[in-house]
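The structure appears below as structure tokens.
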Amino acid sequence: MFNAKAKAEILKDLIDVTSPLVNEVKFNVSEKGINLRAVDPAHVAMVDLTIEKDAFDEFKADEMELGVDMDKFAGIMRLASSGDSISLTYDDKANRLVIQIGNLVRKMALIDTAGMPDPKMPTLELPGKVVVKASELIQGVRASEAISDHLAISMNKDNFELFAEGDTDTVNLSLSKDMLEGLTSNGDCKSLFSIDYLSNMIKPVKSSEPLTIHLGNDNPTRVEFAIANKKGHVTYLLAPRIESE
Amino acid sequence: MFNAKAKAEILKDLIDVTSPLVNEVKFNVSEKGINLRAVDPAHVAMVDLTIEKDAFDEFKADEMELGVDMDKFAGIMRLASSGDSISLTYDDKANRLVIQIGNLVRKMALIDTAGMPDPKMPTLELPGKVVVKASELIQGVRASEAISDHLAISMNKDNFELFAEGDTDTVNLSLSKDMLEGLTSNGDCKSLFSIDYLSNMIKPVKSSEPLTIHLGNDNPTRVEFAIANKKGHVTYLLAPRIESE
Amino acid sequence: MFNAKAKAEILKDLIDVTSPLVNEVKFNVSEKGINLRAVDPAHVAMVDLTIEKDAFDEFKADEMELGVDMDKFAGIMRLASSGDSISLTYDDKANRLVIQIGNLVRKMALIDTAGMPDPKMPTLELPGKVVVKASELIQGVRASEAISDHLAISMNKDNFELFAEGDTDTVNLSLSKDMLEGLTSNGDCKSLFSIDYLSNMIKPVKSSEPLTIHLGNDNPTRVEFAIANKKGHVTYLLAPRIESE
């Protein structure tokens, strides 16, 4: 059994975070809420997203899996205006997700979850941690896009930095501890990342919201932020690019 | 003689209704206002549009025909801002429509109306009639577009319904009598229609306005709505699609 | 030495005026401000643009030349929001322009100005002069675009006129002296111009601002307008098209 009601924004947050990375997703539904974990086709990034039961206006569910085509789900949610109350019900006889928007009833076929993996979130010891306003990172990544396909993120105990270098031009975003919402780093950390992936990752984050970035040396980064009026949580894991020089 | 002045919105209503269906249109001008009747190239839909003399700020006309290239007229009207007062005058020496927008004078060549048909509006006995808010129909048609190229409209004495079915998914919009602005139906009515045509037909209607739909069994539908601040009227006739099964 | 700070709008004005005409531009910097003069690749139009020192929040400069790729500069300025304070500094060791937007530091390579010309602004005796609201000219040029690739501008002591003629249609904008902010003309003036060039030229002008047009007979037109909160000035020179008939 799955029966939930939420404002359109809550479900759009879920779509915005997930759909740039993967198209077919397994929602793990339980009485506590919805969780999904997915790896992109190139195995460069992983997303773990949870929306708690409390983010919904109504929520009743047994433990179950729902295989969702995110493109199709996104198309359906575009029929809703912001503020609309959306009802989601699982029709187990027809294996359909029944989505009600106003008086409209849309039955969406589900994907077979049998072959879909349950990726494990690796445990990573990452010595650096920074809390930064999303707008800063968004501007840094957008500026870097124009001159390179990768950028370096680095931090030490006093400073957080983003650096990209093209043939002739450079982008540098440097924030000292007092310009950040938080910074703790055991020594120097530095890793390179694909700008495409970073760009997709931060696109859904509201520019005034804080992002937490965990960093190591030539190690993946773990980026965390809240969604669904702080009743949801996203963890992104992004593999580093190895410097060719 | 034809000499009229109107707010840009009035003329844009005329263009929005007509141009998705036909490009070359014959305006029948008389002292009572402007009427046009046109059939789309595939002979699937007919539109009959009237704008009364009272919708204009000034209106003086003898009986005459004006052949208008709707794409060109639409392009000219895009030069006007909403609220602008537009003057239309027929220059019979040059056979031009003189359109004045502010200080700009645009002379537009007219099309020869000699070969253009005068389609007759067929008389149809349609037992069902519903008055529904345009926003409901717009949402139902948009949802259906994603899964099929046709949909069914049906009604009985208690209920109005729109239904579309794709390979795996369905769209259903069901409105009971108390959710409608009006419903009268002698028995059950049901017909199938092309979603493309329905979509073009309802695009110009403001979402808060009411639409009147007349329906039969495997018969054309007649859809009516007001334009030009209720001083204009549109009747759409749309042929049914015959169920292939 | 070059060290300046300005609101994003000031620099966007500079880009909007220049980039439709030329891509590589030489900024002539001096203690009085920034000047640039450029001719388009087809040698049909010339722009002369000055932004005075007072338009900047801070401005310190020696006499020098900066070769700027306008596309790249425009891309960088798109990272700034309106109201942002932008700092520009010349790094003479690296020959880079250092552009700071918020905490972001963007180093942009400069173009070698050695081969770049210093076009001389020709002295022209143009007997007609009109001051017209930009919105009028914008509407006239936009209307003309749909029917021709050139238009005629004419004036006499009582009237300013813009006229375009297609195969069947015409556009006419006629403004008498009392509808203009100024008009002085020694006799009749008339010249033809390319609509493409006129369109690019007036695009950056705010529609409520006045434009000054100097006109002769089959002579170039000189168009002048203010930018950068009236602390900058643009002079456009546009060669006439010679009537083929």
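Values as computed for the structure displayed
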| read-out | value |
| --- | --- |
| Relative contact order [Cα under 8 Å, 6+ residues apart], chain A, whole percent | 21 |
| At 7 Å out from Cα toward Cβ: A:P41 inter-copy label distances (nm, ascending) | 3.7, 3.7 |
| Computed log₁₀ I(q)/I(0) - Debye formula, equal Cα scatterers, no solvent, chain A, q 0.08 Å⁻¹ | -0.34 |
| 18 Å cut-off, amide nitrogen to a point 7 angstrom out along A:E31 Cα→Cβ, residues in region A:59-89 | A:59-65 |
| Other copies of C:S208: label-to-label distances in nm, shortest first, labels 7 Å along the beta-carbon direction | 2.8, 2.8 |
| Kirkwood hydrodynamic radius of region C:2-109, Cα pairs, Å | 14.0 |
| Karplus-derived HN-Hα couplings along region B:198-207 (A = 6.51, B = -1.76, C = 1.60, θ = phi - 60°), whole Hz, x at Gly and Pro | 4, 4, 4, 5, 8, 3, x, 7, 5, 5 |
| Cα-only Debye scattering, region C:92-139: base-10 log of I(q)/I(0) at q = 0.18, 0.24, 0.27, 0.30 Å⁻¹ | -0.78, -0.96, -1.09, -1.14 |
| Region C:128-238 - convex hull of the alpha-carbon atoms, volume per residue in Å³ | 90 |
| Across A:K32/B:K133; C:K133/C:K190; B:K7/C:K206; A:K12/B:K190; B:K5/B:K206; B:K26/B:K107, pairs whose alpha-carbon gap is larger than 27 Å | A:K32/B:K133; A:K12/B:K190 |
| Footprinting exposure proxy for B:S85, C:S191 (fewest neighbouring C-beta atoms within 10 Å first) | B:S85, C:S191 |
| Formal net charge of residues neighbouring C:L110 (Cβ-Cβ distance under 15 Å; K, R +1; D, E -1) | -3 |
| Cut-off 12 Å between beta-carbons: net charge of the residues surrounding B:N217, Lys and Arg +1, Asp and Glu -1 | -3 |
| Those residues of region C:121-155 whose amide nitrogen sits under 15 Å from the label point placed on B:A94, 7 Å along Cα→Cβ | C:144, C:147-148, C:152 |
| Estimated FRET transfer efficiency when R0 is 56 angstrom, pair C:E165-A:D218 (beta carbons, to 0.05) | 0.25 |
| Calculated from backbone phi, Karplus (6.51, -1.76, 1.60) coupling profile of region C:80-88 in Hz, x at Gly/Pro | 8, 8, 5, x, 4, 8, 10, 10, 10 |
| Phi to ³J(HN,Hα) by Karplus 6.51 cos²θ - 1.76 cosθ + 1.60 over region A:223-232, Hz, x for Gly, Pro | 10, 10, 7, 8, 9, 6, 6, 6, 9, x |
| Label 7 Å beyond Cα on the Cβ vector: B:E63 copy-to-copy distances, nm | 8.2, 8.2 |
| Per-residue Cβ neighbour rank within 10 angstrom, fewest leading, A:T89, B:T168, C:T184 | C:T184, B:T168, A:T89 |
| Computed E for B:K231/A:D57 - FRET, C-beta separation, R0 30 angstrom, nearest 0.05 | 0.10 |
| Placed amide H near C:E209: partners under 5 Å, 5+ positions off or other chain | C:A134, C:S135 |
| Qualifying aspartates and glutamates (Cα of each under 13 Å from Cα of A:K203; at least 8 residues distant if same chain) | A:D13, A:D16, A:E136 |
| Residues whose placed amide H lies under 5 Å from that of B:V105, excluding near-sequence neighbours | C:N172, C:L173, C:S174 |
| Order of B:Y197, A:Y236 under a 10 Å beta carbon neighbour criterion, fewest first | B:Y197, A:Y236 |
| Separation of alpha-carbon centers, region B:198-242 and region C:95-124, rounded to whole Å | 59 |
| Gap separating the Cα centres of region B:1-67 and region C:1-51, nearest whole Å | 49 |
| All-pairs alpha carbon distance profile, region B:187-245, 10 Å steps from 0, percent | 21, 50, 24, 5, 0 |
| Angle in degrees between helix A:8-18 and the longest Cα principal axis of chain A, rounded to the nearest 10 | 50 |
| Spin-label proximity, B:D149 to region B:22-65 - amide N less than 20 Å from point 7 Å beyond Cα toward beta carbon | B:22, B:40-46 |
| Within the protein assembly as shown: Cβ-based charge dipole about Cα centre, in debye rounded to nearest 20 (Lys, Arg +1; Asp, Glu -1) | 1380 |
| 0 to 90° range, to nearest 10: angle between helix A:134-145 axis and chain A longest Cα axis | 70 |
| Cα-based Kirkwood hydrodynamic radius, the protein assembly as shown, one decimal, Å | 31.0 |
| Closest approach to the axis - chain B beta-carbon, rotation onto A, Å | B:S82, 14 |
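Each reported figure results from applying straightforward, stated rules to the coordinates on display, with no laboratory input. Here the structure is a predicted model, which means the values were calculated and not measured. Here Cβ is always computed from backbone atoms with ideal geometry, including for glycine, and neighbour counts include all displayed protein chains.
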